[in-house]
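Asks: Structure provided below as structure tokens; questions to follow.
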Amino acid sequence: MYRRRRIVVLVLGLILAGVLVWGGIALAGLIGNGANTDDAVSAPTGSAQPAPSTSPSEPTAEVSEPAAPTESAAPTVSPSPSEPECGPELVEVSASTDADAYAPEENPVLTLTVTNTGDIPCPVNVGTSQMEFLVTSGEDRIFSSADCQEGAEDLNRDIPPGGSEEANFTWERNRSAPGCQAVEANPTPGFYNLTVTLGERTSEEATFELQ
């Protein structure tokens, strides 16, 4: 009986020892796994790349705003020499008659002459629209070709340097009035003055005699 108890106690002791050994092994395994886990977490998975620095390692070229183009002065164009113009001072108008004195039955021929006194050609309107033959005696206005003129026309001519143009008007020894009003009296014998006008140019007087 005693021996059987000893066997039972021995068996229980072995079982208890086995349980303790097994528990120790299991506990050691758990502790080992925990250490491996920590190692896995702390171990780097790859080599760390250095973070880029905020300041560049190499100098960068400084880019400045392009300067606005300055407006260059427009090239001055020298005017080409223009052709000289014929001024009014280069055109001369003169009055004359075909005789100094006229018998009672003779009609004076009044002449207007326009002359280019310059060195360049002069364009001149020598039409009847620009002409006037005026006969006076002192302060008395005797006759004007413009009083009863009809069909006045323009006639443009280029007068060469030193050249001239003439226009003749036969005066019938009559009187006239502005607006072609009728005048009964006729000029009497005596001396008369002729003045001719072409545009804005007026001649000096030319004197002649009616007998």
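Asks: Name every residue in the stretch 147-195 that is under 47 Å from the mean Cα position of the chain (by Cα) and hydrophobic (A, V, I, L, M, F, W, C), in order of residue number. Break it down stepwise before answering.
Replies: Of the stretch 147-195, the ones under 47 Å from the mean Cα position of the chain (by Cα) are 151-167.
Across the stretch 147-195, the qualifying residues are Ala152, Leu155, Ile159, Ala167.
Asks: Let me ask something additional. Only residues in the stretch 88-116 that are part of a helix (DSSP H, G or I) count as the first member; pair them with residues that are hydrophobic (A, V, I, L, M, F, W, C), Cβ under 7 angstrom, at least 6 apart or cross-chain, and list the lot.
Replies: Here the result reads Leu90/Cys122, each pair linking the stretch 88-116 to a residue that is hydrophobic (A, V, I, L, M, F, W, C).
Listed here are the residues, each with its yes/no results for (1) among the charged types (D, E, K, R); (2) at pLDDT 95 or above; (3) closer than 18 Å to Val196 by Cβ.
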| site | (1), (2), (3) |
| --- | --- |
| Val93 | no, yes, yes |
| Pro104 | no, yes, no |
| Thr113 | no, yes, yes |
| Asp147 | yes, yes, yes |
| Leu155 | no, yes, yes |
| Pro160 | no, yes, no |
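The values are calculated or read from the model by the stated rules, or taken from the named source; none is laboratory data. None of these values were measured; they are calculated from a predicted model. So basically every Cβ, Gly included, is an ideal-geometry build from the backbone, and we count neighbours across all protein chains shown.
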